[in-house]
Amino acid sequence: MHAPPVEPSLSRPDSSSAAANRNSRGHWSLAVSIVPIAMRPNPQPDEPAVSLEHARLLSDVELPLTGGCNCGAVRYEVTEPLVRASYCHCKRCQRRTGAAASAQAHPVPGTFRIVAGQEKLRMWKPPEGGGEKWFCGDCGAAIFGANTGHPESIGIRMGTFDEDPGVRPTVRQFVAYAAAWEPLPDDALPRFPESRHAGGAHPL
Ligand SMILES: [Zn+2]
Ligand SMILES: [Zn+2]
């Protein structure tokens with residue numbers, strides 16, 4: 001197996017103070033809502049357009065979508081149908097979840113907001129670079145990731161939705177680091193060895 005491209009240092013303290021700073025400056029939902037319109041997600045060239053299955057799932061979804069953490073302190077809602085979902089097999093996601101991969105759902109920018117427990121949210125941002133990982137400071141449940149450098153800048157952890165969020169993962173990324181103990185399923189999804197957002201990225 002390869003080492004992750006950028007290893008988070010285990011000796012560094014987590015940056016929960018960064019969350020406190022952010023919280024003292026303003027609400028997270030404000031930060032989300034200022035994502036420029038130019039960053040609205042567009043279909044990737046190697047991914048299928050919205051399928052009939054996707055359309056059917058979306059038609060069954062009641063808005064707003066809701067979700068939250070294990071202890072119930074942090075709650076969120078999503079006010080428009082989700083755009084897509086993806087799997088990430090990077091080592092950070094493996095450590096963060098304890099699982100072989102993490103499934104994320106990507107909202108239309110500005111449609112995801114924390115509605116309770118803002119003050120309980122904590123964030124870890126890898127010092128070497130990479131997106132912010134937001135979680136409940138009381139129960140530790142991972143809620144969402146944020147990376148303004150990505151066209152899909154928010155990734156809501158799919159397991160935190162109360163009900164079926166109406167999207168299914170359509171792509172896998174960082175499969176070069178996939179866990180040896182759980183083979184990638186033969187599901188025909190496009191597989192990117194590294195980030196699917198990297199310049200020149202193409203699926204395997
Ligand atoms: Zn919690
Ligand atoms: Zn990842």
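Report the label-to-label distance for residue 63 and residue 97 in nanometres (one decimal), using points 7 Å from each Cα along the Cα→Cβ vector.
It works out to 2.6 nm between the two label points.
With just the Cα atoms of the range 83-204, tell me how far they stretch along each of the three principal axes, in Å, largest first.
Projected onto its principal axes, the Cα set of the range 83-204 covers 41, 28, 27 Å.
Quick check: Cα centre of the range 177-192 to Cα centre of the range 63-111, how many Å?
Measuring centre to centre over Cα atoms gives 20 Å.
Sort 74, 61, 175, 167 so the one with the fewest other Cβ atoms within 10 Å of its own Cβ comes first.
Ranked by crowding around the Cβ, least crowded first: 61, 175, 167, 74.
Read the figures in this text as sums done on the coordinates, not as results from a lab. All figures in this text were calculated on a predicted structure; none of them were measured in a lab. In this analysis, Cβ positions are derived from the backbone assuming ideal geometry, glycine residues included, and neighbour counts consider all displayed protein chains.
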